[in-house]
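To keep things clear, I will list the structure first and then write my remarks on it.
The values are calculated or read from the model by the stated rules, or taken from the named source; none is laboratory data. Quantities reported herein were computed from a predicted structural model and do not represent experimental measurements. Cβ atoms come from the backbone with ideal geometry, glycine included; neighbour counts cover every protein chain shown. Side chains included, ligands, DNA and RNA excluded: accessible areas come from the protein's heavy atoms. Shrake-Rupley method; radii C 1.70, N 1.55, O 1.52, S 1.80 Å.
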Amino acid sequence: MDPNSLNFLPGQVFGHYRVVAELARGGQGLVLRAQHAQGAMVALKVLLRAEGPAFRRFQREVDVLARLNHPNLPRILDTGMIQGHPFVAMQLVEGGSLAHRLKHRGPLPIEEAVEILDEIAKVLEYCHSLGVYHRDLKPGNVVVDQASGRPFLETQTSPSAPRPTSTAWPRPSSTSGPVGRPSRERRPTTRSWP
């Protein structure tokens, strides 16, 4: 199925959700701003089809993310299948990425930069304590909530997310390869961030 064939118009109903707008589109699906029947606004990530490697990857990612509960991670609110399409409804974080902010406004004041880095370090520490590794940490994956100013670490359940690997790199050690990475033979098999 062609990703362009999956279209939702504002006002259209998808299960318990009313579509407000399309936020993003990828090769495997799309992300919608939607409103639940009870009023909550969500980011609704919809996969094209419930089969194949993309679907299995989506399921694994949702399973991992459902275990996480941290104030700097968007919460999963609902998952399921509607009209043959797998979906996950997540907390909608209103705001732009840190990359967008840096590009358009320049460097952050030092106090604000330290505060954002501190919060991101805490969420990474929490995830690492559960054996979950982000694997794509960059300013584009940090969204600063416009209402609270709190940074959120974007998750990789986007329908166009890169394929996760089955390895995660531990802390550097004497057996590390270049740039503190362990040699390929020393990388343990563990769950990586989706």
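Rolling a 1.4 Å probe over the protein heavy atoms of the stretch 4-161, with every protein chain left in place, gives an accessible area that is 52 percent carbon and sulfur.
Quick one: which residues, 5+ away or cross-chain, put their amide H under 5 Å from the amide H of Thr79? H built at 1.01 Å from N. Correct list: Ala89.
The alpha-carbon of Lys103 sits under 18 angstrom from the alpha-carbons of these lysines, leaving out residues fewer than 8 places away in its chain: Lys138. Here the simple spin-label model places points 7 Å from the Cα toward Cβ, and for Glu125 and Arg56 these points are separated by 3.7 nm.
Solvent-accessible surface (1.4 Å probe) assigned to Tyr126 amounts to roughly 60 Å². Computed from backbone phi with θ = phi - 60° and the Karplus coefficients 6.51, -1.76 and 1.60, the 3J(HN,Hα) list for the stretch 139-147 is x, x, 9, 10, 10, 9, 4, 5, 7 Hz; x is used for glycine and proline. Rg ratio for the stretch 1-69: its Cα radius of gyration over 2.2 N^0.38 Å, N being its residue count, equals 1.16. Computed across the stretch 93-149, the Kirkwood radius stands at 12.2 Å (inverse of mean 1/r, all Cα pairs). Evaluating 6.51 cos²θ - 1.76 cosθ + 1.60 at θ = phi - 60° for every residue in the stretch 47-59, the Karplus couplings come out as 8, 4, 9, 9, 7, x, x, 5, 5, 4, 5, 4, 4 Hz, glycine and proline recorded as x. Treating cross-link reach as a plain straight distance, find the aspartates and glutamates whose alpha-carbon is under 15 Å from the alpha-carbon of Lys122, omitting any fewer than eight places away in the same chain. Here the aspartates and glutamates satisfying the reach criterion relative to Lys122 are Glu154. Remark on Leu137: its backbone amide H falls under 5 Å from none of the residues 5 or more positions apart or on other chains, H modelled at 1.01 Å from N.
Rounded to the nearest whole Hz, the Karplus-based 3J(HN,Hα) values (6.51 cos²θ - 1.76 cosθ + 1.60, θ = phi - 60°) of the stretch 9-24 follow the sequence 9, x, x, 5, 9, 10, x, 8, 10, 10, 5, 9, 6, 8, 9, 7, with x at glycine and proline. Between Asp78 and Arg135, residue separation times 0.36 nm minus the direct Cα-Cα distance comes to 18.1 nm.
Under 5 Å between amide hydrogens, built in the peptide plane, is the criterion, and for Gln12 it picks out Val19 among residues at least 5 positions away or on other chains.
So with the 1.4 Å probe, I'd like the accessible area per residue for the stretch 1-146, rounded to whole Å². Mind showing how you got there, number by number?
On the way: 7830 Å² over 146 residues.
Here the residues of the stretch 1-146 average 54 Å² of exposed surface.
Treat the stretch 30-137 as a sphere of radius equal to its Kirkwood radius over Cα pairs and apply Stokes-Einstein at 10 °C in a medium of 1.306 mPa s; give the translational diffusion coefficient in µm²/s, rounded to a whole number.
On the way: Rh = 16.0 Å.
Reported coefficient: 99 µm²/s.
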